[in-house]
Amino acid sequence: MKPKFKEIMKPIVSVDESIRIGFEGEIFDIDNPDNFTLHMLDQFDGTKNIEELAGILDMSVEEVLEAVEMFNEIGLLEDADDDPKIVLTPEQKERYRANLTYFSNYADIITKRESYQEKLKGATVAVLGLGGASLDAACLAGLGVGKIIGLDYDTVDISNLNRQFLYSENNIGQLKADAALQRIKELNSDIEMEVVNMKVMNAEGLMDVLKDADLVINGIDSPGIIASRWVNSACTALNIPFLQGGISNTNIIWEKIIPNTSGCYDCFLIHFLRVDPYFQHQLMALYNQTFERRNTAIAPHVALLSGFIISEAAKIISGHEASIPASTSHIFNTKTIEITKEHKWDKLPECPTCGNKRSLSVEPVDIQELLSISKEKEMMV
């Protein structure tokens, strides 16, 4: 062990016989008699082991370990010693330097900041839809996710360029899958990217695409509702967590679903069919529909949605922090810049996709059957 005082906790402010550490979140005021505490923290520079520190500080090994434990407990220390199990090249350490500095927020003398980057490096994430979600793919590349699977069938149009900054005017008319592959590899040649030029028509068609993914990001918004049901069914069958979101007129909506653990997307539909008398009419008006020239997404709102989604993706993959609750829709109002609503739903035993009597087919049940299931429970109640 080579204790290191975290660079993110500097500067240390010395006032009289005490020092103050921290200025954003928690603030620690620590006694500093004869400047000894400050001297000790200066020696925790990541180059000395416990025995060397004991000699320099004129303390016993036990006393140094006690001090290390105290400072570690309040989040001030990490271990700078090398871990042979973590394999990051010098180039990767430099490329992801800001990532590693961020992860030092969660590192300590047991868990190294590099371990979070290593988990990202070993992950495979599928991004379904390379329109607005192309920014998700770019963020994943920046994070250093080891493999990205991108799926789309459309071509780049000039109207995409107000928000889909992975593409340029030179890509107009080009398949988004091909243009995304080229641009992502230019952003980060260190990662692997596989693209699939395919229009999603059912859940079965997604099975081969998603089978090796650790996480799925669903950016397919058309045809309405049924596209999300296809993704939901495939991810449930493969037991892969997924994130999805979208932008309405003045709201950004996103959610996380952990199949077979939390309520799935069909659970969501059944739940709201039961609690909202108008939901059935809204559902049927949107179901399997494609609305042209209705997109209200502008660049800053797409960037916000991507930030919410990829922040959660990083948490799920690396585990550096608890992610948002599953089966909860988070609604962020772009006018007030705040989360205005959160809708929670439960895993339903009667759900035909993830419940006790789930369908044998990977395809979601017909919408009319879903409506019938929601009404049967209402009648029992």
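The values are calculated or read from the model by the stated rules, or taken from the named source; none is laboratory data. Please read these numbers as outputs of a predicted model, since none were measured by experiment. Every residue, glycine among them, receives a Cβ derived from its backbone with ideal geometry; neighbour counts consider all protein chains shown. Remember, those area values only see protein heavy atoms, side chains included, never the ligands or the DNA or RNA. Shrake-Rupley method; radii C 1.70, N 1.55, O 1.52, S 1.80 Å.
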Relative packing of 8-19, 91-102, which averages over residues the other C-beta atoms within 10 Å, highest first
91-102, 8-19
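Return an integer: the convex hull volume of the alpha-carbon atoms of segment 41-117, in Å³ per residue. Before the final figure, lay out the partial values.
On the way: hull volume 7.4 nm³, N = 77.
Convex hull of Cα atoms, per residue: 96 Å³.
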Using a Cα-Cα cut-off of under 28 Å, which lysines could be cross-linked to residue 335, ignoring same-chain neighbours fewer than 8 residues away?
256, 315, 344
Apply the Karplus curve 6.51 cos²θ - 1.76 cosθ + 1.60, θ = phi - 60°, to the phi angles in segment 127-136 and return the couplings in whole Hz, x for Gly and Pro.
10, 9, x, 10, x, x, 6, 4, 5, 4
Which trypsin sites (Lys or Arg not before Pro) in segment 100-208 pass both tests, a DSSP loop state and at most 16 other beta-carbon atoms within 10 Å?
199
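Can you pull out the trypsin sites (Lys or Arg not before Pro) in segment 270-334 that DSSP calls coil and that have at most 13 other Cβ atoms within 10 Å?
When the trypsin sites (Lys or Arg not before Pro) of segment 270-334 are filtered for loop state and at most 13 Cβ neighbours within 10 Å, 293, 294 remain.
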What ³J(HN,Hα) values, in whole Hz, does the Karplus curve 6.51 cos²θ - 1.76 cosθ + 1.60 give for segment 268-282 when θ = phi - 60°, with x put for Gly and Pro?
4, 5, 4, 4, 6, 5, 7, 9, 10, x, 8, 5, 4, 5, 5
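Please sort by residue number the GluC sites (Glu not before Pro) in segment 259-346 whose DSSP state is loop and whose Cβ has at most 16 other Cβ atoms within 10 Å. Before the final figure, lay out the partial values.
Numbers: sites: 292, 312, 321, 338, 342; in loops: 292, 321.
Taking segment 259-346 and a limit of 16 other Cβ atoms within 10 Å, the loop GluC sites (Glu not before Pro) found are 292, 321.
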For the chain, modelled as a GNM with alpha-carbon contacts under 10 angstrom, which of 58, 178, 82 fluctuates the most?
58
Provide, for q = 0.13 Å⁻¹, the log10 of I(q)/I(0) from a solvent-free Debye sum over equal Cα point scatterers in the chain.
-1.06
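Please report, in whole Å³, the volume per residue of the convex hull around the C-alpha atoms of segment 26-84. Don't skip to the end; give the middle numbers.
Details: hull volume 5.6 nm³, N = 59.
Once divided by residue count, the hull of segment 26-84 is 95 Å³.
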Would you please give the FRET efficiency between residue 222 and residue 36, computed as 1/(1 + (r/R0)^6) with r the Cβ-Cβ distance and R0 = 51 Å, to the nearest 0.05?
0.20
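Over 21 Å between Cα atoms: which of 10/48; 48/121; 6/48; 85/185 fall into that group? If you can, show how the numbers build up before the last one.
Values: 10/48 19 Å; 48/121 29 Å; 6/48 15 Å; 85/185 27 Å.
Where the Cα-Cα span goes over 21 Å, the pairs concerned are 48/121; 85/185.
Can you tell me, using C-alpha contacts under 8 Å and at least 6 residues apart, the relative contact order of segment 242-381 as a whole percent?
On the way: 176 pairs, mean separation 45.8, N = 140.
That works out to 33 percent.
Given R₀ = 22 Å, what would the calculated FRET efficiency be for residue 154 paired with residue 211, taking r from the Cβ atoms and rounding to 0.05?
0.40
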Amide H to amide H under 5 Å from residue 193: which residues, 5+ apart in sequence or cross-chain, H placed 1.01 Å off N in plane?
148
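Where only protein heavy atoms count, and the probe is 1.4 Å, what is the accessible area per residue for the chain in Å²? Before the final figure, lay out each step's value.
On the way: 19210 Å² over 381 residues.
Ligands and nucleic acids excluded, the figure is 50 Å² per residue.
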Given a Förster distance of 25 Å, the FRET efficiency implied by the Cβ-Cβ spacing of residue 93 and residue 161, rounded to the nearest 0.05, works out to 0.10
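Could I get the Rg over Rh figure for segment 78-140? Both from C-alpha atoms, Rh via Kirkwood, rounded to two places.
Working: Rg = 13.9 Å, Rh = 13.1 Å.
A ratio of 1.06.
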In segment 246-321, how does Rg compare with the Kirkwood Rh, expressed as the Rg/Rh ratio over alpha carbon atoms?
1.03
For segment 204-334, what is one quarter of the convex hull surface built on the Cα atoms, given in nm²?
8.6 nm²
Can you pull the percent of the chain's accessible area that's carbon plus sulfur, 1.4 Å probe, other chains left in place?
51 percent
